[in-house]
Amino acid sequence: MLGLDSLPPSVLYEDMDGGGFTYIRRLIEEGQKWLMRTCHPPITVPAWMVMFTGKTPGELGIYGFRHRRPGEFDYYIVNSSFIKTPTLWDDAGKKGLKVGVYGVPPTYPPRLVHGFMVTDFTTPGPDKPYTFPPWLRRELESRTGPTVFDIVYRSHDKDRVARDLFHMLENHLRQVEYLATRKQWDLFVYVEISVDRAHHAFWKYFDKNHPRYEYHPMYSSVIPKVYKRIDEWFEKLHRRLPKDTIIVVASDHGVKPMKGAFTINQWLIEQGYLKLKEDTTTLKPGTDLRRDLIDWEHTIAWAWGGYYSRVFINLKGREKQGAVDPKYYEETLRQLKRDLERIRGPNGERWDNKAYTPQELYPEVRGDAPDLMVYLDDLWWRPAGTIGWQTNYLPENDRGPDDAVHDWLGVLAVYDLEDTLPKGFMGEIRAEKVKEFIEQLIYQ
Amino acid sequence: MVHKDMTEKVSIEIKRDLYDKAKKFIEEQGGFSSVEELVEFLLEEVLSSEESEERGLSKEDEEKVKERLRALGYI
Ligand SMILES: [Zn+2]
């Protein structure tokens, strides 16, 4: 299974790959194509784990990378120990299959698997024990060089970003090739994060529909080159695999141009939901909302930014300085939802905003869920949590360069030489059904 | 002080050729006094991180990851 983080259907199924995926596209033309409808929220963590456990984010209790314990202001980051449900590879191992897992977020710290595992970009660093079995790390490094987990977006040095990106991609391809050809496995799951990083850093140089599309002799070729490199590598590897190997190509969500960022906490201040101790005009643009900046006694709600926004109610009895009486909780939520959904664009245009309580989205709500989950203009606008800006509408991200936002549809395509599957376009499959789907392929 | 459960033994079955390989290794190389001891050692090694209370990240490591996720725009 080749996981290409954030690959949209337009790239794999239509002609938007810039000529990159020649081989893979030819393969899946002979196979099955699905649109993979991602989870709420449409983010890498939890999306891949929803696909690999068959559980919704609510059941997993994972609503993004960061979470907040009730009553606290600071956040913690999830890691593999938060996944309490057996994954595709755990169950496959139990059935006696040997498994290989590479780069699936979040798998750090690595767990005991019936095979081998190399963790993902949430690994703190290459000096950490990031493999199972533990001694695989030395073997891998001696054959393929030090492991690269991620790149850093340097806002004004795109050349450097591109160099780092290809360096990381080559590192991963070398490692996966080594593992896939030297180790025994029945099921190999590989997620490549470089695709997502390329999209976020170079999408406006690639997608002609981007509102700030710009042709650049070098940057415009980065994304197609990433695709092409993966495609060529995969073709070579595929020829070395047993003929009856079933190939699955999948992504965790799609991607589309970012129209801008909306300062959600500034909006909450304007609407009277959030009160600061000091005058906001004295703050530097891009200031993080801190606990000590907030006048808690007069604050009803505050929010986090990201690809989606999480809103928290300052609920009495739950928060340290809660101000909203529990008997007004439901009413406050309803009011906030209504107001959030009415937010309009910079020119007064209507936005397709959605604000959900987790209970509306999931059969079960575990872990540290927010009070509201908010999408602005169907994800086209990114919620920015920082404050101190002159306007609520930022043409760019509040944190570093970001040309893209996530989208609801990813891909799931299957190629099986034995040809037992119906071919062609099959419609939509939901993220939490992917595990079951792959199990049917394996155990058919 | 050793808890009673920790000294109680159970039997498990493993493949003959694997057992023979392990036995040969111990006879030639030493290091362990029996296949049983080798198997127990390896299991303990592999399971030690799984059963530790603080499975997960140290504060310092978590900060590193937070910093990276922030730079990537996830948070
Ligand atoms: Zn992703």
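The values are calculated or read from the model by the stated rules, or taken from the named source; none is laboratory data. From a predicted model like this one, the values you see are computed outputs, not experimental measurements. Using ideal geometry, Cβ is built from the backbone for each residue, glycine included, and neighbour counts are taken over all protein chains shown.
Miscellaneous remarks
- Segment A:233-262 residues that are within 14 Å of chain B (Cβ to nearest Cβ), paired with ones that are more than 16 Å from the ligand (Cβ to nearest atom) and polar (S, T, N, Q) (beta carbon under 8 Å, 6 or more apart): A:Met258/A:Asn397; A:Ala261/A:Asn397
- Residues that are among the aliphatic types (A, V, I, L, M) and closer than 30 Å to B:Ala71 by Cα, drawn from segment A:402-444: A:Ala404, A:Val405, A:Leu409, A:Val411, A:Leu412, A:Ala431
- Residue list for segment A:86-109, filter: of a type in the set (Ser, Thr, Tyr) and under 19 Å from A:Arg182 (Cα atoms): A:Tyr102
- Which numbered condition A:Val222 misses (of (1) closer than 20 Å to A:Met1 by Cα; (2) modelled with pLDDT of 95 or more; (3) not basic (Lys, Arg)): (1)
- Contact map, segment A:14-32: first residue aliphatic (A, V, I, L, M), second residue in a helix (DSSP H, G or I), Cβ cut-off under 7 Å, separation 6 or more or different chains; pairs are A:Met16/A:Ser10; A:Ile24/A:Asp231; A:Ile24/A:Phe234.
- One residue stands out among those in segment A:138-155 that are within 21 Å of A:Ser194 (Cβ to Cβ) and more than 13 Å from every other protein chain (Cβ to nearest Cβ): the one that is surrounded by the fewest Cβ atoms within 10 Å (Cβ to Cβ), which is A:Pro146.
- Condition broken by A:Lys95, with the remaining ones in (1) on the phi < 0 side of the Ramachandran plot; (2) in contact with a Lys or Arg (Cβ under 9 Å, 6 or more places away or on another chain); (3) more than 16 Å from the ligand (Cβ to nearest atom) satisfied: (2)
- Residue selected from segment A:237-247 under the condition assigned to a helix (DSSP H, G or I) and touching a helix residue (DSSP H, G or I) at 6+ places or on another chain (Cβ under 8 Å), by the criterion farthest from A:Tyr23 (Cα to Cα): A:Arg240
- Search result, residues across segment A:192-216 that are within 16 Å of the ligand (Cβ to nearest atom) and in contact with an Asp or Glu (Cβ under 6 Å, 6 or more places away or on another chain): A:Ile193, A:Val195, A:Asp196, A:His200, A:Trp203
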